[in-house]
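Working notes for the structure below.
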């Protein structure tokens, strides 16, 4: 499902106009982005959790020339489905 399909579905289910649904969707993404930048986690009960974790710095191999390179530490976002949704996939 792509962004435009989500916006269309949101518009139909909430009876918002398409532009209002797009604005709501964009605002939600902006809220998530700001929270991740601050290092906050987001928990949507019944759906799942977005967690910001820090990956340690490490050494890697440049496959083009075989040289060892330094990969700096960085923050990433991981997602974990709620147990309720996981059960639905197992059925």
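Hey, can you tell me all the residues within region 53-69 that are surrounded by 10 or more Cβ atoms within 10 Å (Cβ to Cβ) and not in a strand (DSSP E or B)?
Result: 57, single match.
Being surrounded by fewer than 10 Cβ atoms within 10 Å (Cβ to Cβ), assigned to a helix (DSSP H, G or I) and out of contact with any strand residue (DSSP E or B) (no Cβ under 6 Å at 6 or more places or on another chain), is that true of even one residue in region 9-16?
Yes, region 9-16 contains at least one residue that is surrounded by fewer than 10 Cβ atoms within 10 Å (Cβ to Cβ), assigned to a helix (DSSP H, G or I) and out of contact with any strand residue (DSSP E or B) (no Cβ under 6 Å at 6 or more places or on another chain).
Got a sec? Which of 50, 32 is in contact with a strand residue (DSSP E or B) (Cβ under 8 Å, 6 or more places away or on another chain) and not in a strand (DSSP E or B)?
32
Which pairs have Cβ atoms under 6 Å, sit 6 or more apart or on different chains, and link a residue in region 79-91 that is closer than 18 Å to residue 40 by Cα to one that is part of a loop (DSSP other than H, G, I, E, B) and at pLDDT below 90?
none
The values are calculated or read from the model by the stated rules, or taken from the named source; none is laboratory data. Note that the structure is a prediction, hence the values are computed from the model and not measured. Positions of Cβ are backbone-derived with ideal geometry, glycine not excepted, and every protein chain shown enters the neighbour counts.
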